[in-house]
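Here is the structure we will look at.
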Amino acid sequence: MRAWIPLGAGLLLAGCGPPAPPSDEVVAPLPRATVVLEPSTLLLGQVARLEVAVVTPPDHQVAPLVPPRAVPGIWVLDWEAPVLERRPERWLHRAGIRIRTQELGEFQWPALRIQVEGPEEVHTTLVTEPVALRVVTSQAESPPRQTPYPLRELPAPAGWRPLAGAAAGGALLALAAVAAVARWRRSGLVHTARHEASTQAADPVSAWREACADLDAACQRGAREPAQAAADTAVVLRRYVVCRFGLELGAHTTEELAAARTPRVLATRWQGLVEVLRELDRARFRAPEAVETDPRAERRARQAIDAAARFARETRPQEVHP
């Protein structure tokens, strides 16, 4: 019995010793994704940006985004490749999707399926929550006009009748001219004063060289990832046309460009440019695996990428010698 007393005292002293130092090990979070739209109330025809954020443990990769091809009340303009922010405890992948509203009412951005690849080729599929949005008009609401008594025309003096008729005819002509200008602005590509100032300050030679370099890189990437290469090519081609020719393409869909009036600076190349953008849209608005497993779709995507590079080379500025 006495032999157990020293052993018990030793165990007690060991248990009452100084606490162990806290561990520096950081617990990695589980992969999760979310889509944010701020503000959620948009005007009709407004261009907005959806923020997509994916949080993963370190050493995880996120596949390129595949937005839905058709969303009620919304046009999908383009999207960005994920940007990675590395932190010791987690990695944050950010991307953006540009949309444009086309109808009034309550709509919902559908859930996105995002593929995450971890170490040892462990694949995880994340599903985001749908995002509700509301599209309203920019015109102020007002009650309908009510007149308690019918309107009556005042009698005009006899000497003023010819002058009143001429004034009425001039007013009608002015209204017709205003309507014609408004119709022309809706059907054509409008050069805003702000954009003209920026394009006049831009260097067309630098814009052409940058576009050629980016398009050559997209052509090389098209052999491995045709869908993502088509998406990059569409963004580069639109940016090149804006900087090189001063045409506002950023907020217009391809179908809107096809219905617009042909600009004089691209009178002979406009239809070809629209067809190239259409082929790029067919490739980039499909899932990457659907393009890579379809030989015909993959071939058409590569041909569209090559056509975009050829368009840039054929529109070389005069300051650049062949």
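The values are calculated or read from the model by the stated rules, or taken from the named source; none is laboratory data. If you're wondering where the values come from, they're calculated on a predicted model, not measured in any experiment. Every residue, glycine among them, receives a Cβ derived from its backbone with ideal geometry; neighbour counts consider all protein chains shown.
When each of Ala48, Ala53, Ala63 is tested for being in contact with a helix residue (DSSP H, G or I) (Cβ under 8 Å, 6 or more places away or on another chain) and either closer than 30 Å to Pro226 by Cβ or at pLDDT 90 or above (or both), the lone residue that passes is Ala63. Scanning the stretch 76-98 for residues that are touching a helix residue (DSSP H, G or I) at 6+ places or on another chain (Cβ under 9 Å) and hydrophobic (A, V, I, L, M, F, W, C), which turns out surrounded by the most Cβ atoms within 10 Å (Cβ to Cβ)? Applying the filter and picking the extreme gives Trp79. Taken over the stretch 49-64, the residue count meeting the criterion of being crowded, with 21+ Cβ neighbours inside 10 Å and under 30 Å from Leu104 (Cβ atoms) is 2. Looking at the stretch 197-206, can you tell me whether even one residue there is within 25 Å of Phe245 (Cα to Cα), modelled with pLDDT of 80 or more and surrounded by 12 or more Cβ atoms within 10 Å (Cβ to Cβ)? Checked the stretch 197-206: at least one residue is within 25 Å of Phe245 (Cα to Cα), modelled with pLDDT of 80 or more and surrounded by 12 or more Cβ atoms within 10 Å (Cβ to Cβ).
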